[in-house]
Amino acid sequence: MTETDALTWLFARQRFGVHPGLSRVRALLARLGDPQQNFRSVLVGGTNGKGSTAATLASILTAAGERTGLFTSPHLTHFSERFVVAGRELPPEVVLRALEEVRPHAEAEGASFFEIVTALGCLLFARAGVTTAVMEVGLGGRLDATNVLDPVLSIVTNVGLDHTEILGDTPQAIAGEKAGLLRAERPAVTGVGSDLLPVLEAQEADLWALGREVMLEAAPLGWDGWEVRVGLPGADLFFNTPLLGEHGARNAALAAAAAHRLGVGESAIRMGTAGVRWPGRLEVLPWRGGRVLLDGAHNPDGARALAAALRGLGVEGVPVVFGAAADKDLTGVAVALREVASEVILTRAVLSPRAADPAQLASFFGGLPTRLTSSPETALELLAPGGLAVVCGSLYLIGEVRPLLLGEVGEGRERWQ
C-alpha cells in the first residue's frame, strides 16, 4: 500500500459517521497488543477549550522532563499534526507506516475513523517511548473512543450546547456524558459552572473546580497574553501564557492545576505555559501588511469567547470572514459576532461536505454589510490591505485559510471529522 492509499482508505471511513461506544476500539487495541498500557494518560474533554488545555498541559509535562505525547483532533493542515511527541509532530512516514499495520485489524473490527485514529495514536505513542500521553477527547466523553484509556487524571474544561443530536439537548445531559471521563477516587480538574458540578461529582472523583479549589487571577498583557496567578490548596502558582482571551487564561489555569496534581513543580509550569503554541485558535498571522486573527469559533460559546477576547484587546468594528457547518447553532454564533463585526464575508470550507452554503449563512447576519464568496481564497482577496481582520468558524475552514496565509500547501482531502 502506498502512503496515498493509506490515507485515502482512512479518510473514506469518515462516510460511515460517528458511532459512540468502546467495544470496537477496545477490540482493535487488543489486536495491536494493547499499546495504551505502556504509558500513563490524561483525558481532556469539554465543549470548548479542550485543545488549548491539552496543549498547555503537554507543554508543561515536556518542560518537566516527561516524554510527552499529545493527541488532538481535528488536524488543521496535515494528518500527522494529531500525533505530537516531546513537542514535535511525528514524521508523516512513521505515522503512515503504522496506519498500514492498523488497517487490517481495523477492517476486521469494523472500526470508525476516529476509533482508528485513537488506536493509531496509542500505537505510535507506545513505540515512541511516551511516558505520559495527553489525549484530547473527540465527542462527549463517556462513549468517546479515547475513554477506553485508564487516565491517571481527567479534565473537563466546560459544558455548552453542541453536538446535541448525540450528547443530549440540555447542559445536564451533556455534562453527564463528559462526566464519564472521570474515575472514582482519582484526581480531576474542571472549569464547569457550579450548577453542573453535582453531575461531575456523582463520579466520586477527587475533583478540583475552578472558582472553588482552583482560584484564578489574571492580568492582561494585551496581544502577549496573560499574567496568571492560580491559588490551589497548599500552593500558589505564578506564570504567563501567550493564549489570548479570558478563556485562554482559564484553560491555562486548568492545565497548571492538573500539572500540579501530577506532581510537577512551579518552574516547569512556568516554562511550559509560556512556551505553548496552539495554531488556529486566536492565532495572529501576517497578511498583506496587516494581520489576520484565526479562531475556530463554531458554536455560540466559542463565538462569545472570541467576541469577548476582541473587546478585551480593544478591537471592535472588524471585518469578519466566517464559515461553519450547516448543523451548528448559527443563530447563536451570529448574535455574538454581530457585536464586533463591521462586515461579514461569508464563505465555506471547500473540502468539507458539511459546510453551510454562504447564501444560507447570510440570513443569520441581517443588519450587517454582507458579501458571499465561494472559497476561502476568494474571501481573503476581499480583505483590504493593512489593518486587522478575523477569520473564524469551522476548524476545517481555518485549516484551509491557514496555509494560504503561510504560503503552504494543504492536504487536499475531504474532511468532516
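The values are calculated or read from the model by the stated rules, or taken from the named source; none is laboratory data. Just so you know, these numbers come straight off a predicted model, no measurement behind them. Counting neighbours? That spans all protein chains shown, and the Cβs are built from the backbone with ideal geometry, glycine included.
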Pairs with Cβ under 8 Å, 6+ apart, first in segment 57-75 and in the same structural domain as Gly248 (by TED's automatic domain parsing) and more than 17 Å from Thr273 (Cα to Cα), second at pLDDT 95 or above and among the basic types (Lys, Arg): Phe71/Arg82; Thr72/Arg82; Ser73/Arg82; Pro74/Arg82; His75/Arg82
Restricting to segment 190-236, name every residue that is outside any strand (DSSP E or B) and either outside the structural domain of Ala54 (by TED's automatic domain parsing) or among the charged types (D, E, K, R) (or both). Asp195, Glu201, Glu204, Arg212, Glu213, Asp224
Within segment 31-69, residues touching a His at 6+ places or on another chain (Cβ under 9 Å) and either buried (at least 18 other Cβ atoms within 10 Å of the Cβ) or of a type in the set (A, V, I, L, M, F, W, C) (or both) come out as Leu32, Thr47, Asn48, Gly49, Ser52
How about segment 80-112: which of its residues are buried (at least 20 other Cβ atoms within 10 Å of the Cβ), in contact with a Ser or Thr (Cβ under 7 Å, 6 or more places away or on another chain) and part of a helix (DSSP H, G or I)? Arg82, Val95
Kindly evaluate Glu177 against the criterion of being surrounded by 14 or more Cβ atoms within 10 Å (Cβ to Cβ) and within 28 Å of Leu330 (Cβ to Cβ). yes
Which residue out of Ala111, Ala133, Ala126 is more than 23 Å from Ala86 (Cα to Cα), assigned by TED's automatic domain parsing to the domain that holds Glu201 and not polar (S, T, N, Q)? Ala111
Breaking point among (1) over 15 Å from the mean Cα position of the chain (by Cα); (2) surrounded by fewer than 24 Cβ atoms within 10 Å (Cβ to Cβ); (3) closer than 21 Å to Gly393 by Cβ, for Gly245: (2)
Please find, within segment 339-373, the residue that is nearest to the chain's Cα centre (by Cα) out of those that are surrounded by 20 or more Cβ atoms within 10 Å (Cβ to Cβ) and part of a strand (DSSP E or B). Ala355
